[in-house]
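Each reported figure results from applying straightforward, stated rules to the coordinates on display, with no laboratory input. Only a predicted model underlies this, so the values are computations on that prediction, with no experimental measurement involved. Cβ: placed from backbone, ideal geometry, glycine included. Neighbour counts: every protein chain shown.
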Ligand code: SF4
């Protein structure tokens, strides 16, 4: 499909000559923003966005289509596992992930994706054990590590860069979420825009790829804030961008604010306009890896009637074509 933005599937195919799928794993990490009473980001639950196939205990709710129980249940610390348990768990998760992907897409190339929580938040020694373990049954195309901009000291970036000899690319996924200081404070991100810019610079100096995460529809954000986020993205020159629409998830502080009527979630139409505006101000070379969030319905408080990803992508494509605009055309 010819799209008015630089889409991820095409970029992967151009780079590797085949489709590549991610095995998403939970390395048993925690997050500095949730520790010591930090409370975490207002939209974050303690399930830490791991993949559905890695959360079999949710199956009952998913099957019945029920919203999981609420506000206080999932806020809190992540269960602490020993390093031996984490290594064992990684092996099991990779096996499960491979089986799932092969069943769905047939035998294919894969990347390792440390997805849940802050995947650089540990001792250097533990990080090396965990990353090494994940690559044992390679070859994998990429090692992808998702983390916070304030949790990537130089020695961790050096360690990550050392895996460039084992995979074709090492990619750091950095949560920025907003380029606006006021919003970062409201959502309790616990890091600054400058820390994000600095992390990007140091990652790139070491030959790491960078993917930036942004959330659109955050409370208090309109056109001006989106343009500011786009400016920060341009300044940091990531290789790729993941765009999320704000979703309000059970067990989060944001869900509490939503129930009190203090915040709202963006509608389909609002996210369409926000995304279109953002894309027009992002250079056409930046790969767009994601356009919507995908919290399963049994964990989603709002927006409940957003529709699915395919419908959003189709509508965005048609809308951009109709208006004669494309990624980066407003620059
Ligand atoms: S940085 Fe990530 S894991 Fe940590 S509190 Fe925020 S969203 Fe949750």
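For segment 288-329 and segment 87-150, what is the separation of their C-alpha centers, rounded to whole Å? Here the two parts' Cα centres lie 27 Å apart.
A Förster radius of 56 Å combined with the Cβ-Cβ distance from residue 82 to residue 326 puts the calculated FRET efficiency at roughly 0.65. Taking label points 7 Å from Cα along the Cα-to-Cβ direction, residue 165 and residue 103 give a separation of 3.8 nm. Which percentage, to the nearest 5, of the DSSP beta bridges contained in segment 8-323 is antiparallel? Among the beta bridges of segment 8-323, antiparallel pairing accounts for roughly 5 percent.
The slack between residue 132 and residue 1, meaning 0.36 nm per residue of separation minus the straight C-alpha distance, is 43.5 nm. The overall shape of the chain, judged from the alpha-carbon gyration tensor, is rounded, with an a/c ratio under 1.5. The helix-only estimate of mean residue ellipticity at 222 nm for the chain, built from DSSP H runs of length n ≥ 4 each weighted as -39500 (n - 2.57), is -12000 deg cm²/dmol after division by the residue total.
Segment 1-17 and segment 209-256 have Cα centres separated by 22 Å.
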